[in-house]
There are 2 protein chains.
Amino acid sequence: MATPAEPVKPGAAPRHIRLTSHAGGYGALPIHWGAATAAERGPVVGTTTQRSHRNVIGTHSGSYSVYRALAVAAGALSRHHKADLTNTAPTDIIGPYPQWSDPSKIVSLDPWGATVANVFESELAAGYDIRPTIAVTQAHVILPEVIEGLQKGRLQADGTVLTAGGAAMVTKAAIEPVWWLPGVAARFGCSENDLRRVLFEETGGMYPELVTRSDLEVFLPPIGGQTLYIFGNPRDLANPEVELTARVHDECNGSDVFGSDICTCRPYLTHAIEECIQGAQRGGVGLVAYSRKEGRALGEVTKFLVYNARKRQVGGDTADQYFARTECVAGVQDMRFQELMPDVLHWLGIKKIHRLVSMSNMKFDAITQSGIEIGTRVNIPDELIPADARVEMDAKVAAGYFSTGPVPDAEELRKPKGRELT
Amino acid sequence: MATPAEPVKPGAAPRHIRLTSHAGGYGALPIHWGAATAAERGPVVGTTTQRSHRNVIGTHSGSYSVYRALAVAAGALSRHHKADLTNTAPTDIIGPYPQWSDPSKIVSLDPWGATVANVFESELAAGYDIRPTIAVTQAHVILPEVIEGLQKGRLQADGTVLTAGGAAMVTKAAIEPVWWLPGVAARFGCSENDLRRVLFEETGGMYPELVTRSDLEVFLPPIGGQTLYIFGNPRDLANPEVELTARVHDECNGSDVFGSDICTCRPYLTHAIEECIQGAQRGGVGLVAYSRKEGRALGEVTKFLVYNARKRQVGGDTADQYFARTECVAGVQDMRFQELMPDVLHWLGIKKIHRLVSMSNMKFDAITQSGIEIGTRVNIPDELIPADARVEMDAKVAAGYFSTGPVPDAEELRKPKGRELT
């Protein structure tokens with residue numbers, strides 16, 4: 001695959017197209033997943049510029065790689081462009097932590113992804129196009145719910161964690177998915193071969209290298225990543241003596257952005273942010289990990305189809321049919337697969353979460369089974385649950401969600417509590 | 001590709017893997033893009049269950065198809081599952097409109113995607129696995145900024161468009177991307193062959209059928225889609241006599257959800273929602289079209305790298321270097337490509353936008369060049385611009401953004417107005 005890349009020139013003589021790649025090309029650096037140092041692990045090279053250097057399946061930027069391709073097609077971007085990483089280094093140092101060199105702890109992100117300009121300096125100098133898969137910066141975040149918390153006395157400004165104007169000081173990190181396929185397969189209890197084959201076949205034939213290139217163990221899938229918001233000192237996350245308040249939150253655009261009242265997503269998220277602020281002000285540290293898994297990773301079209309089926313079913317919108325309606329449309333209740341979620345906690349060096357702001361038994365199980373201790377769980381305050389979200393809350397509590405209140409019985413679950421369509 | 005699909009059974013004898021598909025298989029229905037009726041157009045079949053029925057490249061659910069594959073790998077989902085579409089039909093009828101049968105007006109979504117259970121009833125009965133690519137439902141959305149608007153008297157409750165509790169009544173639609181490749185290529189001014197090749201090569205080899213199957217003209221790319229929020233009667237969108245207030249908004253998770261103060265995204269979005277509510281209360285209709293194009297479709301990792309480069313550059317965070325910093329890291333200033341954005345407006349039958357709540361010249365140009373008239377443009381009120389977002393606003397206004405205020409000169413653009421990193 002050493003064909004030199006050329007810009008697309010409409011009308012130019014066609015270059016030879018290579019439909020697949022083969023092992024044994026020259027120039028690709030090996031990846032030893034879970035090695036103790038960056039030098040031994042080797043860089044993840046997903047470049048499309050010098051294909052002989054590639055040591056992964058797929059490419060960077062998750063699903064935005066498709067937009068990058070459009071930019072080349074439109075003539076707006078040179079396919080030879082290499083990122084100038086001047087001044088982009090992380091604002092805060094994360095790790096390295098012992099978990100980084102345990103290949104069972106992290107399988108879905110590259111722990112060295114934030115510091116490539118530093119740890120792979122010599123490989124970059126040698127001409128390898130190594131791109132960060134993680135970026136760390138600082139921000140001031142201003143949420144109307146936090147301003148309300150200040151006004152009502154739930155929160156106090158201290159000028160450090162929270163300003164009088166309602167701005168919370170955070171370190172934030174964006175993380176792209178980097179999957180080590182043997183480890184991902186182990187998490188899901190299937191063989192690596194089965195995983196590769198299903199990823200290929202059930203996406204309608206995405207990346208044949210998944211099945212032809214068993215020598216390539218790392219896959220950069222075209223999916224959304226995650227974003228971390230850290231309140232307090234990021235180094236404290238790895239110290240189990242410092243109180244850690246954390247929420248792992250899965251995207252729900254309809255509530256998180258638009259405030260739809262059919263679920264508790266944004267109210268629970270902003271409650272968690274208030275808890276994180278208070279925790280940091282007590283001398284602890286706070287974390288919100290936000291994952292792009294819209295509608296239980298079923299996507300928003302499926303989610304809205306399910307809403308309609310729930311609202312129109314005979315008997316009304318009831319908790320006892322809540323999961324069944326999703327399963328009818330999607331075939332499963334949930335595709336979020338919390339099995340991969342704890343990776344980011346291990347990247348941060350976390351050993352103990354003192355206060356987990358989540359009622360999800362699936363998240364609780366995934367975190368504790370990955371070896372992280374959880375102290376107490378913080379449920380969403382009742383007054384923050386919108387009326388139309390009661391169906392979801394009842395159904396989840398009945399199915400095993402953590403709750404300090406009563407678990408609804410069968411009769412309670414059969415009561416239509418959701419609003420009908422108009 | 002007539003191999004019957006089988007569930008993955010770990011340890012079972014391996015089935016034959018087909019690495020690519022070939023034209024001329026039996027059973028696939030033709031797609032005549034832009035045909036006048038659904039029957040003539042034909043259904044989009046992206047199923048992975050009966051591969052001989054497929055008439056597209058890629059599969060459903062955008063990037064969530066990867067999670068669907070994981071569900072099969074984990075044994076949680078049968079690969080034979082077919083969606084039960086009972087009660088999922090749209091709550092509101094959209095179209096058909098004359099624009100649906102103009103193949104130059106809509107190239108990136110399937111106008112018949114919401115009503116497949118109805119318009120392709122006989123094909124579904126014949127065993128084709130046809131899935132909706134659009135879902136339409138109704139919701140109550142409650143935003144703290146709208147509640148504040150009620151409290152401060154900017155907004156009035158009427159019980160119809162807006163309740164006294166601050167809930168706005170909306171019809172909302174989720175839309176997955178469905179690309180007709182000849183039309184997409186035309187929008188970007190390149191040949192279909194070049195587009196197919198670049199989509200394949202610049203994604204690191206995603207979907208070889210892009211280059212091997214020129215008979216398949218439709219591609220379901222693994223990217224995020226869009227969501228529409230409609231205030232008032234959706235049928236009024238197509239009536240140019242009814243005042244339409246509209247914003248086309250591109251995702252910015254850091255501001256839209258978390259309220260980061262480095263840009264104006266959420267303040268402008270919530271301002272647009274207030275404008276939509278007021279417009280609907282005047283007897284008009286409002287629309288917010290939300291596209292998953294995080295960080296100008298560069299993704300959030302690139303966005304955060306650029307933030308760091310801006311804040312650390314010699315001379316501080318200045319408007320005159322605003323676009324240059326993005327270009328250094330990403331190779332382009334922007335990858336959102338507003339060329340495809342107007343499709344959704346044509347799907348809604350829109351001919352005139354009376355009040356466009358956007359200052360973007362790129363969005364304005366794309367909409368008007370697609371044949372939709374724009375009346376006035378509504379800028380973001382000055383008091384809603386966070387202090388640290390002044391750099392972005394100055395840079396954009398200097399680059400051609402609509403503004404009612406003064407355009408900053410070269411000296412003004414060189415002043416560091418952004419906050420430094422701590």
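Scanning the stretch A:389-415 for residues that are surrounded by fewer than 16 Cβ atoms within 10 Å (Cβ to Cβ) and within 17 Å of A:CYS263 (Cα to Cα) returns a single hit, A:ALA399. For the residues B:ILE380, B:ILE353, the requirement of being touching a residue at least 60 places away in the same chain (Cβ under 8 Å), surrounded by 19 or more Cβ atoms within 10 Å (Cβ to Cβ), aliphatic (A, V, I, L, M) and not in a strand (DSSP E or B) singles out B:ILE380. Return the pairs, sorted by first residue and then second, in which the second residue is part of a helix (DSSP H, G or I) and open to solvent by 10 Å² or more (accessible area, probe 1.4 Å), the first residue lies in the stretch A:58-79 and is more than 7 Å from chain B (Cβ to nearest Cβ), the beta carbons are less than 6 Å apart, and the residues are 6+ apart or on different chains. Nothing qualifies. Of the strands (runs of 3 or more DSSP E) entirely within the stretch A:169-252, those holding at least 3 residues that are within 16 Å of the chain's Cα centre (by Cα) and within 30 Å of A:GLN281 (Cβ to Cβ) occupy A:226-231, A:244-250. Among the criteria (1) closer than 17 Å to B:LEU269 by Cα; (2) free of Cβ contacts under 8 Å to residues at least 12 places away in the same chain, the one B:LYS363 does not fulfil is (2).
Within the stretch A:261-274, not a single residue is open to solvent by less than 10 Å² (accessible area, probe 1.4 Å), modelled with pLDDT of 95 or more and in a strand (DSSP E or B). Quick check on the stretch B:299-318: of everything there that is in a loop (DSSP other than H, G, I, E, B) and buried (at least 23 other Cβ atoms within 10 Å of the Cβ), which residue is farthest from the other protein chains (Cβ to nearest Cβ)? Ranking the qualifying residues of the stretch B:299-318, first place goes to B:ASP317.
Quick one: is A:VAL332 within 26 Å of B:ASN253 (Cα to Cα), open to solvent by less than 10 Å² (accessible area, probe 1.4 Å) and not in a strand (DSSP E or B)?
Here the answer is no, as A:VAL332 does not meet what is asked.
Comparison of B:VAL136, B:VAL170 shows that the only residue that is within 9 Å of another protein chain (Cβ to nearest Cβ), out of contact with any Pro (no Cβ under 8 Å at 6 or more places or on another chain) and modelled with pLDDT of 95 or more is B:VAL170. Selection of helices (runs of 4 or more DSSP H) fully inside the stretch B:51-159 by the criterion of at least 1 residues being open to solvent by less than 10 Å² (accessible area, probe 1.4 Å) returns B:65-73, B:116-119, B:144-152. In the stretch A:287-294, the count of residues that are over 30 Å from A:ALA139 (Cα atoms), among the charged types (D, E, K, R) and either modelled with pLDDT of 95 or more or buried (at least 18 other Cβ atoms within 10 Å of the Cβ) (or both) is zero.
Can A:LEU181 be described as more than 30 Å from B:GLU145 (Cα to Cα) and either without any contact (Cβ under 8 Å) to a residue 40 or more places away in the chain or at the interface with another protein chain (Cβ under 7 Å from one of its Cβ atoms) (or both)? Yes, satisfied.
The values are calculated or read from the model by the stated rules, or taken from the named source; none is laboratory data. All figures in this text were calculated on a predicted structure; none of them were measured in a lab. For neighbour counting, all protein chains shown are included, and Cβ atoms are generated from backbone atoms with ideal geometry for every residue, glycine included. In case anyone asks, the SASA skips ligands and DNA or RNA and just uses the protein heavy atoms, side chains included. Shrake-Rupley method; radii C 1.70, N 1.55, O 1.52, S 1.80 Å.
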